[in-house]
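The values are calculated or read from the model by the stated rules, or taken from the named source; none is laboratory data. Predicted model only: the values in this text are computed from it and were never measured. Counting neighbours? That spans all protein chains shown, and the Cβs are built from the backbone with ideal geometry, glycine included. The area values use the complete protein model at the heavy-atom level, side chains included, leaving out ligands, DNA and RNA. Shrake-Rupley method; radii C 1.70, N 1.55, O 1.52, S 1.80 Å.
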Amino acid sequence: MKQRRIGLTGGIGTGKSTVARYLAERYGLPVLDADIYAREAVAIGSPILGAIAARYGPGAQLADGSLDRRRIGEIVFHDPAERRWLEQQIHPYVRQRFHQALETLPEDAATVVLAIPLLFEAGLTGLVSEIWVVACPLAEQVARLKARDRLSDSQIVARIASQMDLEQKVAQADVVLDNSQTPEALYAQVDQHMARG
Ligand code: ADP
């Protein structure tokens, strides 16, 4: 039987991780997470971290040698050309890790979740058999990000603006999960789409 591969995406702070966690806990589904692979890509000692340090200088790393995410975030979320450069370093690694992970999944995994914030932007839609977009109004997105990440308004706006418009993602979705209400209301929608099979 063909494996069901759910590509879970949305905007930053719209609720992707909340849905991924629920799918893992309630349904026991394996979740492959692009954020984990992207972090792995720039681990201490990695060639990509080396390239970043060569481009941005010693300020790109913290005292322990790890990537200074805040510093790099300030650069790339205000300069699209630099963001593209960084993504070109990281996306091929993430794509390769997904391929690897899909190959090594147990054969009896009928359904697997691929949590990929930049599913569309990174051109990874070919990895999945259906696309779920978690959406919420911009005001909710900003409020939840503020609470979660303690970012300033301008930092949040820059991060949201760096992604494809949420409406464009919604337009390309097979399933749209409306996360404008409570988490329970969100989970009820997930249950419906899981039942549909
Ligand atoms: P993403 O993974 O898309 O960036 P998260 O799932 O981390 O988003 O959600 C962003 C923040 O909003 C988290 O702190 C999460 O706990 C909170 N959150 C998610 N859904 C809701 C909701 N329906 N009501 C209130 N807070 C929510």
### Task
Report, by residue number, each residue of region 126-144 that is touching a residue at least 40 places away in the same chain (Cβ under 8 Å) and over 20 Å from G15 (Cβ atoms).
L127, S129
### Query
Can you pull out the residues in region 28-54 that are open to solvent by less than 70 Å² (accessible area, probe 1.4 Å) and among the β-branched types (V, I, T)?
V31, V42, I48, I52
### Message
Against the definition (more than 30 Å from D108 (Cα to Cα) and more than 15 Å from the ligand (Cβ to nearest atom)), how does Q61 come out, yes or no?
### Response
yes
### Message
Please determine whether any residue of region 103-125 is more than 15 Å from the ligand (Cβ to nearest atom) and at positive phi.
### Response
yes
### Task
For region 62-81, name all the residues that are more than 20 Å from D35 (Cβ to Cβ) and either of a type outside the set (G, A, S) or surrounded by 12 or more Cβ atoms within 10 Å (Cβ to Cβ) (or both).
D64, H78, D79, P80
### Message
Name the residue that is surrounded by the most Cβ atoms within 10 Å (Cβ to Cβ), counting only residues in region 18-27 that are in contact (Cβ under 8 Å) with a residue 24 or more places away in the chain and more than 6 Å from the ligand (Cβ to nearest atom).
### Response
V19
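Going by the structure shown, is G45 in a helix (DSSP H, G or I), free of Cβ contacts under 8 Å to residues at least 40 places away in the same chain and not hydroxyl-bearing (S, T, Y)? I'd like the intermediate steps shown before the answer.
On the way: in a helix (DSSP H, G or I): no; free of Cβ contacts under 8 Å to residues at least 40 places away in the same chain: yes; not hydroxyl-bearing (S, T, Y): yes.
Here the answer is no, as G45 does not meet what is asked.
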### Query
Failed condition for G73, given (1) within 16 Å of the ligand (Cβ to nearest atom); (2) farther than 29 Å from V112 by Cα; (3) outside any helix (DSSP H, G or I), with all others met?
(3)
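Name the single residue that is farthest from the ligand (Cβ to nearest atom) among those in region 154-197 being of a type in the set (D, E, K, R) and within 16 Å of the chain's Cα centre (by Cα).
Initially, region 154-197 is screened for residues of a type in the set (D, E, K, R), giving 159, 165, 167, 169, 174, 178, 184, 191, 196.
Subsequent filtering for residues that are within 16 Å of the chain's Cα centre (by Cα) retains 159, 165, 169.
Working: R159: 10, D165: 15, K169: 12 Å.
Looking at residues that are of a type in the set (D, E, K, R) and within 16 Å of the chain's Cα centre (by Cα), I get D165.
For the condition touching a strand residue (DSSP E or B) at 6+ places or on another chain (Cβ under 7 Å) and modelled with pLDDT under 95, what is the one hit in L105, L119? Give the steps one after another, and end with the answer.
Numbers: L119 fails: modelled with pLDDT under 95.
Selected residue: L105, the only one of L105, L119 that is touching a strand residue (DSSP E or B) at 6+ places or on another chain (Cβ under 7 Å) and modelled with pLDDT under 95.
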### Task
Kindly indicate the residue of region 1-17 that is open to solvent by 40 Å² or more (accessible area, probe 1.4 Å) and not in a loop (DSSP other than H, G, I, E, B) and also nearest to V133 (Cα to Cα) among those meeting that condition.
S17
